[in-house]
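Chemist: Please read through the structure below; I'll follow up with questions.
The values are calculated or read from the model by the stated rules, or taken from the named source; none is laboratory data. This is a predicted model, so every value here is computed, not measured. Please note: Cβ atoms are built from the backbone with ideal geometry, for glycine as well, and neighbour counts cover all protein chains shown.
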Amino acid sequence: MNTLRVSSGNDSGRTLVVAVFSLALLLVIGTTLVIHSSASIWMSRNCTRERQAFYDAEAGVQYVLGNLKADLGAGNIDLSNDPVYLHYSRPTGFSFDLPATLTKLSANRYHFSVVGRAPDTTSATINVDIITKRKSAFDFGLFADGLVDLKAASGIYSFDSRKTSNPLPQDSTNDGDVGSNTEINVYMDTFIDGDAALGTDAGGTPGVWNESGVPIINGGRGIHTGRVNPDPLGAIEGPLAQQFTGVATANDNALATGSGMSGAVLHVGNGQTLTLHGKPGGANYHVRSFILKNGAMLNIDSSAGPVNIFLTGDHDMSGGNLETVNDATINYSGPPTQFRIFSNSIKSIVFRHAGGFKGMVYAPYARVEMKNDGDAYGLIWGKTVDIKNSGEFYFDTAFKDLYPINAYTLNAFIWRETIPQ
């Protein structure tokens, strides 16, 4: 006989409780998943916005640095102002805020900030410090607008007269840079402790590099640059030309003592000595012709100030505008930076037979020649430069600081992000 079994009310209630509990648990799990997913989406979006703001700020930094490099090099920014105002416009497609000024931190260090923007007021700030260096009118110790011809066994070195007074080849500081807008010839055993660079001629044709034998160049070998200004001081049309005009009528020729100075002719005979005395701010001598004979000596007394010779070249003697021969010396014991020869002439300047020279020769329209062991210390700037037969030239890098121009290089920069609190 079959027996009918009926569930009790207690079993039905227990099932209902289990179902309700399971539903509640599922609801809690689902809500948690939704909240977690929403938080993850929110965090992901926030992180994306922060990255977008940072990348935008970084793009702004690179944009400002690119413009600064160009403007500093071209002299379009005057760093003597404090603050230095900038006028850059934000390029299309970016959301960064550009700086309005450079803030001066020290003599050659400046600061600016760029703010990158993203949706929902998200932002990122990058602070940048830049370090600058003022450029010189002279990028080379030895330069010619035309041919630079470095014959066998000639040597180009460098030193700083503020640190070393009588340098030897082993004292060279690797800054013996040579340049030409037209052509550089180097021969066997020529030594250049620096770069050999080529610009372009007046028509835009790049300079030519020629070598024979085994020359030694410690820096760049025939590297190409833009055209170098052959007359950066303006000997014909510029500030220096005005000084030539003034010195022709008012000069310090009367300060010379010893033998060999007559009017504007400086002609020191065999074994004779002539002393040119300086004065505060610089003594300016007007010379039309300049010759030192066998064993002659031209002393430069710069104890009271520098000595400048303005060589006009409207009078010629013995085929040379300036000529030293047979152990004649010029300023051989004084610092090169205290003696400068400026020429606006096309007449040649020649050092021969171990004639020693310490100073600056600025003759952008003349041939400059060193031969037969003639050594020079300082700076040489000519129309052409010819060094032959073991002549040695030491570029005094102190001249770079004597002739700064209103242009700068951006040597280094550091940046850091400001983290919002």
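Chemist: Out of 310, 351, 357, 290, which single residue is at pLDDT 95 or above and assigned to a strand (DSSP E or B)? Steps first, please.
Modeler: On the way: 351 fails: at pLDDT 95 or above; 357 fails: at pLDDT 95 or above; 290 fails: at pLDDT 95 or above.
Every option except 310 fails the conditions.
Chemist: Checking the conditions here, which among 124, 197 is outside the structural domain of residue 225 (by TED's automatic domain parsing), buried (at least 17 other Cβ atoms within 10 Å of the Cβ) and outside any loop (DSSP other than H, G, I, E, B)? Before the answer, list the steps.
Modeler: Working: 197 fails: outside the structural domain of residue 225 (by TED's automatic domain parsing).
Sole residue among the options that is outside the structural domain of residue 225 (by TED's automatic domain parsing), buried (at least 17 other Cβ atoms within 10 Å of the Cβ) and outside any loop (DSSP other than H, G, I, E, B): 124.
Chemist: If you don't mind, another one. Pairs needed: first member in segment 229-245, in a loop (DSSP other than H, G, I, E, B); second member anywhere, exposed (fewer than 12 other Cβ atoms within 10 Å of the Cβ); C-beta distance under 7 Å; at least 6 residues apart or different chains.
Modeler: Going by the 7 Å Cβ cut-off, the qualifying pairs are 233/239.
Chemist: Further, regarding this structure: Of all residues in segment 70-105, how many are within 18 Å of residue 53 (Cα to Cα), of a type in the set (A, V, I, L, M, F, W, C) and not in a loop (DSSP other than H, G, I, E, B)?
Modeler: If we filter segment 70-105 for residues that are within 18 Å of residue 53 (Cα to Cα), which is where we start, we get 90-99.
With the extra rule that they be of a type in the set (A, V, I, L, M, F, W, C), the set shrinks to 94, 96, 98.
If we keep only those that are not in a loop (DSSP other than H, G, I, E, B) as well, we get 96.
The number of residues fulfilling the criteria is 1.
Chemist: Quick check on my filter: what residues within segment 46-81 are at pLDDT below 85 and small (Gly, Ala, Ser)?
Modeler: Answer for segment 46-81, where residues must be at pLDDT below 85 and small (Gly, Ala, Ser): 73, 74, 75, 80.
Chemist: A follow-up question, please. Quick one: which of 93, 60, 75 is more than 19 Å from residue 418 (Cα to Cα) and touching a residue at least 24 places away in the same chain (Cβ under 8 Å)? Can you show your working first?
Modeler: Numbers: 93 fails: touching a residue at least 24 places away in the same chain (Cβ under 8 Å); 60 fails: more than 19 Å from residue 418 (Cα to Cα).
The match here is 75.
Chemist: A further question follows. Can you name every residue in segment 142-164 that is in contact with a Gly (Cβ under 6 Å, 6 or more places away or on another chain) and under 23 Å from residue 405 (Cβ atoms)? Break it down into steps so the answer makes sense when it comes.
Modeler: We begin by selecting, within segment 142-164, every residue in contact with a Gly (Cβ under 6 Å, 6 or more places away or on another chain); these are 143-144, 154, 156-158.
Answer for segment 142-164, where residues must be in contact with a Gly (Cβ under 6 Å, 6 or more places away or on another chain) and under 23 Å from residue 405 (Cβ atoms): 143, 144, 158.
Chemist: Count, please, the residues in segment 71-99 that happen to be closer than 21 Å to residue 135 by Cα and hydrophobic (A, V, I, L, M, F, W, C).
Modeler: Within segment 71-99, the subset closer than 21 Å to residue 135 by Cα is 71-86.
Narrowing further to those that are hydrophobic (A, V, I, L, M, F, W, C): 72, 74, 77, 79, 84, 86.
Within segment 71-99, residues that are closer than 21 Å to residue 135 by Cα and hydrophobic (A, V, I, L, M, F, W, C) number 6.
Chemist: Return the residue satisfying two criteria in turn: it lies in segment 85-106 and is at pLDDT 90 or above and among the hydrophobic types (A, V, I, L, M, F, W, C), and of such residues it is surrounded by the most Cβ atoms within 10 Å (Cβ to Cβ).
Modeler: Filtering segment 85-106 for residues that are at pLDDT 90 or above and among the hydrophobic types (A, V, I, L, M, F, W, C), the one surrounded by the most Cβ atoms within 10 Å (Cβ to Cβ) comes out as 96.
Chemist: Would you please name the residue that is surrounded by the most Cβ atoms within 10 Å (Cβ to Cβ), looking only at residues in segment 143-180 that are in contact with a Lys or Arg (Cβ under 8 Å, 6 or more places away or on another chain) and of a type in the set (Asp, Glu)?
Modeler: Looking at residues that are in contact with a Lys or Arg (Cβ under 8 Å, 6 or more places away or on another chain) and of a type in the set (Asp, Glu), I get 145.
Chemist: Return a yes/no flag: does segment 288-299 have any residue that is in contact with a Lys or Arg (Cβ under 7 Å, 6 or more places away or on another chain) and assigned by TED's automatic domain parsing to the domain that holds residue 340.
Modeler: Going through segment 288-299, the residues in contact with a Lys or Arg (Cβ under 7 Å, 6 or more places away or on another chain) turn out to be none.
No, there is no match, as no residue in segment 288-299 is in contact with a Lys or Arg (Cβ under 7 Å, 6 or more places away or on another chain) and assigned by TED's automatic domain parsing to the domain that holds residue 340.
Chemist: Next up: Residues being under 31 Å from the mean Cα position of the chain (by Cα) and surrounded by 18 or more Cβ atoms within 10 Å (Cβ to Cβ): count how many of those fall in segment 109-121. Working first, answer last.
Modeler: Step one: of segment 109-121, the residues under 31 Å from the mean Cα position of the chain (by Cα) are 109-115.
Cutting the leftovers down to surrounded by 18 or more Cβ atoms within 10 Å (Cβ to Cβ) gives us 110, 112-115.
The qualifying residues number 5.
Chemist: From the residues in segment 246-262 that are assigned to a loop (DSSP other than H, G, I, E, B) and in contact (Cβ under 8 Å) with a residue 12 or more places away in the chain, which one is farthest from residue 365 (Cα to Cα)? Working first, answer last.
Modeler: Step one: of segment 246-262, the residues assigned to a loop (DSSP other than H, G, I, E, B) are 250-252, 256, 259-260.
Remaining after also requiring in contact (Cβ under 8 Å) with a residue 12 or more places away in the chain: 251-252, 256, 259-260.
Values: 251: 23, 252: 25, 256: 27, 259: 29, 260: 26 Å.
Out of the qualifying residues, it is 259.
Chemist: Can you confirm whether residue 245 is modelled with pLDDT under 95 and of a type in the set (Ser, Thr, Tyr)? If you could, list the steps in order and put the result at the bottom.
Modeler: Numbers: modelled with pLDDT under 95: yes; of a type in the set (Ser, Thr, Tyr): yes.
Yes.
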